[in-house]
1. Only strands (runs of 3 or more DSSP E) wholly contained in segment 126-207 count here; list those with 1 or more residues that are aromatic (Phe, Trp, Tyr).
2. Determine whether segment 18-29 contains at least one residue that is among the charged types (D, E, K, R), over 26 Å from residue 119 (Cα atoms) and touching a Ser or Thr at 6+ places or on another chain (Cβ under 8 Å).
3. Let me confirm something: among 50, 59, 77, 89, which residue is under 22 Å from residue 13 (Cβ atoms) and either within 14 Å of the chain's Cα centre (by Cα) or free of Cβ contacts under 8 Å to residues at least 12 places away in the same chain (or both)?
4. May I ask you to list the residues in segment 148-207 that are acidic (Asp, Glu) and under 15 Å from residue 101 (Cα atoms)?
5. If you go through segment 64-92, how many residues are closer than 22 Å to residue 203 by Cα and surrounded by fewer than 16 Cβ atoms within 10 Å (Cβ to Cβ)?
6. Quick one: how many residues across segment 8-19 are surrounded by 15 or more Cβ atoms within 10 Å (Cβ to Cβ) and either over 15 Å from residue 49 (Cβ atoms) or under 17 Å from the mean Cα position of the chain (by Cα) (or both)?
7. Search segment 118-132 for residues that are more than 13 Å from residue 146 (Cα to Cα) and surrounded by 21 or more Cβ atoms within 10 Å (Cβ to Cβ) and pair each with any residue that is at pLDDT 95 or above and of a type in the set (Asp, Glu) when their beta-carbon atoms are under 7 Å apart and the residues are at least 6 apart or on different chains.
Amino acid sequence: MLPIEIPPGTTATVLVTVIVPQLHAKMVPADAPADPFAVAVRIEDEGSWTVRVHGARMTVTDGEETGVKPTLWMWTTARAVERFLEDATGEKRMLPKFGAVGGVATMSDPRVLKRVAMASGRIELALVDEQGERHGIVFGFGAAAKKEIDPEDADTVIEADLSTVERVLRGELGPEEALADGNVRLKGNRFLAMQLALAVAPFYPVK
């Protein structure tokens, strides 16, 4: 299991500005590619930030900086982050259970960002928990990243229940297989979904 520890009482702001940069520095090797990436992050009802990744170094500044062309953007809600933090400091069902693959231990690794940045469009990944509550996160890549953050009517929507997401996080179900799984619902641009699945596939366990 990856060494992800999130202290109890962590807030959404602390997660973005302190915990994630610390985990990035811990989990990305010093010899990782130093390609620069900028990620615009917005958590509705919480705040927004500009995240810069340069090899094993990650820096976070408040706000979506003007004049900065992000490599990609991500949007979610304060409630979705709250639900993630509830799990991360409790049952940990939403955290990956397999170790590093190909030297990559986190999706913020420059090698992952470089691959996913080749996609173009907006994709929503949504989880429906056991209480029936839906939590989504929307990403914008390529042409979408050149425009303002807009989570409405994403080009592709991928939705799954928590038990299916757990199978992915345990390495039992690869990204491409997940798209064909009967418990995963896909709407919209299937090509974009496959682009992202193929981009992250090398960093999942080979069965």
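1. Numbers: elements: 134-141, 156-161, 184-188.
Hits in segment 126-207: 134-141.
2. The first filter runs over segment 18-29 and keeps only residues among the charged types (D, E, K, R), leaving 26.
If we keep only those that are over 26 Å from residue 119 (Cα atoms) as well, we get 26.
When the remaining residues are screened for being touching a Ser or Thr at 6+ places or on another chain (Cβ under 8 Å), the result is none.
Within segment 18-29, none of the residues are among the charged types (D, E, K, R), over 26 Å from residue 119 (Cα atoms) and touching a Ser or Thr at 6+ places or on another chain (Cβ under 8 Å).
3. Numbers: 50 fails: either within 14 Å of the chain's Cα centre (by Cα) or free of Cβ contacts under 8 Å to residues at least 12 places away in the same chain (or both); 59 fails: either within 14 Å of the chain's Cα centre (by Cα) or free of Cβ contacts under 8 Å to residues at least 12 places away in the same chain (or both); 89 fails: either within 14 Å of the chain's Cα centre (by Cα) or free of Cβ contacts under 8 Å to residues at least 12 places away in the same chain (or both).
Going through 50, 59, 77, 89 in turn, the sole match is 77.
4. Here is the first cut: in segment 148-207, the ones acidic (Asp, Glu) are 148, 150, 152-153, 155, 159, 161, 166, 172, 176-177, 181.
Across segment 148-207, the qualifying residue is only 172.
5. Of the residues in segment 64-92, 1 are closer than 22 Å to residue 203 by Cα and surrounded by fewer than 16 Cβ atoms within 10 Å (Cβ to Cβ).
6. Our first condition is that a residue be surrounded by 15 or more Cβ atoms within 10 Å (Cβ to Cβ); within segment 8-19, this holds for 10-13, 15-17, 19.
Right, trim to either over 15 Å from residue 49 (Cβ atoms) or under 17 Å from the mean Cα position of the chain (by Cα) (or both) and you get 10, 12-13, 15-17, 19.
Counting residues in segment 8-19 that are surrounded by 15 or more Cβ atoms within 10 Å (Cβ to Cβ) and either over 15 Å from residue 49 (Cβ atoms) or under 17 Å from the mean Cα position of the chain (by Cα) (or both) gives 7.
7. Here the result reads 123/155, each pair linking segment 118-132 to a residue that is at pLDDT 95 or above and of a type in the set (Asp, Glu).
For (1) more than 25 Å from residue 40 (Cα to Cα); (2) surrounded by fewer than 17 Cβ atoms within 10 Å (Cβ to Cβ); (3) among the hydrophobic types (A, V, I, L, M, F, W, C), each residue gets a yes or a no:
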position	(1), (2), (3)
141	no, no, yes
146	no, yes, no
155	no, no, no
182	yes, yes, no
190	no, yes, no
197	no, no, yes
201	no, yes, yes
205	yes, yes, no
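The values are calculated or read from the model by the stated rules, or taken from the named source; none is laboratory data. Quantities reported herein were computed from a predicted structural model and do not represent experimental measurements. Note that each Cβ is placed from the backbone with ideal geometry, even for glycine, and that neighbours are counted across all protein chains shown.
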